Structures are given as C-alpha cells and as structure tokens.
Amino acid sequence: MNDMHENPNETSADLGDIVAVASGAGTFSTLVAAVAAAGLVETLQGPGPFTVFAPNDDAFAQLPEGLVAALLEEENLDTLVKILTYHVIGSKVMAADVSSGDCPTVEGSAIDIQVGDNVVLNKTTNVIGTDIMASNGVIHVIDSVLLPEGVDAAALLS
C-alpha cells in the first residue's frame, strides 16, 4: 500500500473530521457531493470513530456514464445511502491493523478483505492510499466504488 501518513506531530484535535479532511484533499469531490446528497454529512462529522474506504474521483469516473447523476436523484437516495455506508466501518482501523477476512460495515453487510502484497476489497478493489487521519477516524483511498450485495446500480440507468 502507498503510505499517505499525515504529520505525526499533529494531534487529532488539529485535524478536521472525516468530511473536512475529504473535502480538503481535492481528490474526493464526487464522494463529498454524494455524502452531502445522501444526508450523511452530520453522521460522518460525528464522534466516530470511523474507517472510510474512500473512492477517489477517478474511481467514480469508472462507473457507467450517468450513474452518479442517477444516484444523486431524490428517488435513488436510499440506494446511494446503502452504497456509501457500505464504505464505512464503525471503528478506527489503521493500515497496520488490517487483516484478511470479512469486515462488517455500517451498511450491515461485510466487505471481504484480502491482505497480501496489496490490500484488496471484494476481490477487485485495491487500497491505494492509507492512514489519512481525521479527528474522528481514518480514510483509506480505494480505486473503485464498492457495491453491496443486492445493489444493482446499473439498473438505475434503465
């Protein structure tokens, strides 16, 4: 995994919350917009701790054309919330502490984590950046958007 450690001299009081850190990074604008549309900003600004597997803007760009816009429509917000909360673990897990196995998410189902030369989620998504610290948790960057079992996001385009 790539190391993206923040300044070790910063305390968590110096850091913003998950939403502030993601907003300030400049590479999560689609994720931040989706979190806002889904009404999850206050939740992710809460005390946590949270671990967020955060798809960067390039990950969202890999989705079929029109899918992000469809997910942001009011009638699809339940699906958007389900997808976003599938990227969140209700505890703080640093890269050094990640191990292989099923990891329960806030959404309710589990992510399959495999640790080898790289960390791979659900057999297809790579963790490409780790340990971006926030006052209420940690962000790990992933290279694609995770979809929980039973969510057919492509069906929203038909």
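When you look at residue 156, is it among the hydrophobic types (A, V, I, L, M, F, W, C), within 20 Å of residue 35 (Cβ to Cβ) and under 16 Å from the mean Cα position of the chain (by Cα), yes or no?
It is false that residue 156 is among the hydrophobic types (A, V, I, L, M, F, W, C), within 20 Å of residue 35 (Cβ to Cβ) and under 16 Å from the mean Cα position of the chain (by Cα).
Assuming residue 50 fulfils every condition listed in (1) within 22 Å of residue 29 (Cα to Cα); (2) more than 12 Å from the chain's Cα centre (by Cα) apart from one, which condition is it?
Going through the list (1) within 22 Å of residue 29 (Cα to Cα); (2) more than 12 Å from the chain's Cα centre (by Cα), residue 50 breaks only (2).
Go through region 58-99 and count every residue that is under 22 Å from residue 132 (Cβ atoms) and surrounded by fewer than 15 Cβ atoms within 10 Å (Cβ to Cβ).
Final tally of qualifying residues: 9.
What do you reckon, is residue 131 out of contact with any strand residue (DSSP E or B) (no Cβ under 8 Å at 6 or more places or on another chain) and either surrounded by fewer than 18 Cβ atoms within 10 Å (Cβ to Cβ) or not β-branched (Val, Ile, Thr) (or both)?
no
I need a count of the residues in region 145-158 that are surrounded by fewer than 18 Cβ atoms within 10 Å (Cβ to Cβ), in contact (Cβ under 8 Å) with a residue 40 or more places away in the chain and farther than 18 Å from residue 104 by Cα.
Number of matching residues: 2.
Hey, does region 86-100 have a residue that's in contact with a Ser or Thr (Cβ under 8 Å, 6 or more places away or on another chain), among the aromatic types (Phe, Trp, Tyr) and in contact (Cβ under 8 Å) with a residue 12 or more places away in the chain?
yes
If I filter region 38-65 down to residues being assigned to a loop (DSSP other than H, G, I, E, B) and under 22 Å from residue 144 (Cβ atoms), which single residue comes out as modelled with the highest pLDDT? Quick ask: steps written out before the conclusion?
First, pick out the residues of region 38-65 that are assigned to a loop (DSSP other than H, G, I, E, B): 38-40, 45-49, 56, 62-65.
Narrowing further to those that are under 22 Å from residue 144 (Cβ atoms): 38, 40, 56, 62-65.
Values: 38: 93, 40: 93, 56: 96, 62: 93, 63: 91, 64: 90, 65: 90.
Step by step, filter region 38-65, then rank; the result is 56.
Being of a type outside the set (Lys, Arg), part of a helix (DSSP H, G or I) and in contact (Cβ under 8 Å) with a residue 12 or more places away in the chain: is that true of residue 31 here? Walk me through it before giving the result.
On the way: of a type outside the set (Lys, Arg): yes; part of a helix (DSSP H, G or I): yes; in contact (Cβ under 8 Å) with a residue 12 or more places away in the chain: yes.
Considered against the rule, which asks whether it is of a type outside the set (Lys, Arg), part of a helix (DSSP H, G or I) and in contact (Cβ under 8 Å) with a residue 12 or more places away in the chain, residue 31 comes out as yes.
The values are calculated or read from the model by the stated rules, or taken from the named source; none is laboratory data. The model shown is predicted, which means the values in this text are computed figures rather than measured ones. Virtual Cβ from ideal backbone geometry, glycine too; neighbours counted across all protein chains shown.
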